[in-house]
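Presented below is the structure to which this report refers.
The values are calculated or read from the model by the stated rules, or taken from the named source; none is laboratory data. Here the structure is a predicted model, which is why all the values come from computation and not from measurement. Glycine gets a Cβ as well: all are built from the backbone with ideal geometry, and neighbour counts include every protein chain shown.
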Amino acid sequence: MDFPKSARVLNRAEYLRFFQGSEVKRLGVCTVFRIANTKGLARLGITVKAKVNSVYRNKLKRAIREAFREGRAKMGSHDYNVVVPGGVRVDYKTHRLVRAQLESIWSHENRF
């Protein structure tokens, strides 16, 4: 499955909606915000601090997108924002941990 623009949260106004009454799921390394949308499909936004090493940051973002692609069919009509806060140590193992945590909540739509 691909990751087209229609499946992405794109602009600042859409990201700001996550801080106005969204559902929040705190995982070990990241936090996932969820808001219902009217688009008829699940969309994803990713927020990772820029101070993280670029190799690890890109690897982490790829893992998040891949977990989203695999679970998107069961996610309903919601916007998701995955936030990896600045205080989290991101290294070569973090992407595997984040992907496993996301797959566990996205594999069943009622787990959120």
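Residues are listed down the side, and each one gets a yes or a no for (1) free of Cβ contacts under 8 Å to residues at least 12 places away in the same chain; (2) buried (at least 19 other Cβ atoms within 10 Å of the Cβ); (3) among the hydrophobic types (A, V, I, L, M, F, W, C):
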{"residue": "ASN37", "(1), (2), (3)": "no, no, no"}
{"residue": "VAL48", "(1), (2), (3)": "no, yes, yes"}
{"residue": "PHE68", "(1), (2), (3)": "no, yes, yes"}
{"residue": "SER77", "(1), (2), (3)": "no, no, no"}
{"residue": "VAL82", "(1), (2), (3)": "no, yes, yes"}
{"residue": "LEU97", "(1), (2), (3)": "no, no, yes"}
{"residue": "GLN101", "(1), (2), (3)": "no, no, no"}
Checking VAL90 against (1) touching a Phe, Trp or Tyr at 6+ places or on another chain (Cβ under 8 Å); (2) at pLDDT 90 or above, only one condition comes out false. Which one?
(2)
Assess whether VAL52 counts as being within 19 Å of ILE105 (Cβ to Cβ) and surrounded by 16 or more Cβ atoms within 10 Å (Cβ to Cβ).
no
What residue, of LYS59, LYS5, is charged (D, E, K, R) and exposed (fewer than 13 other Cβ atoms within 10 Å of the Cβ)?
LYS5
Determine whether segment 31-48 contains at least one residue that is farther than 17 Å from VAL9 by Cβ and at pLDDT below 95.
no
Could you check how many residues of segment 34-68 are more than 11 Å from HIS78 (Cα to Cα), in contact with a helix residue (DSSP H, G or I) (Cβ under 6 Å, 6 or more places away or on another chain) and among the charged types (D, E, K, R)?
1
Could you list all residues from segment 46-98 that are within 14 Å of GLY28 (Cα to Cα), assigned to a loop (DSSP other than H, G, I, E, B) and under 15 Å from the mean Cα position of the chain (by Cα)?
PRO85
Flag if VAL55 is touching a strand residue (DSSP E or B) at 6+ places or on another chain (Cβ under 9 Å), free of Cβ contacts under 8 Å to residues at least 60 places away in the same chain and of a type in the set (Val, Ile, Thr):
no
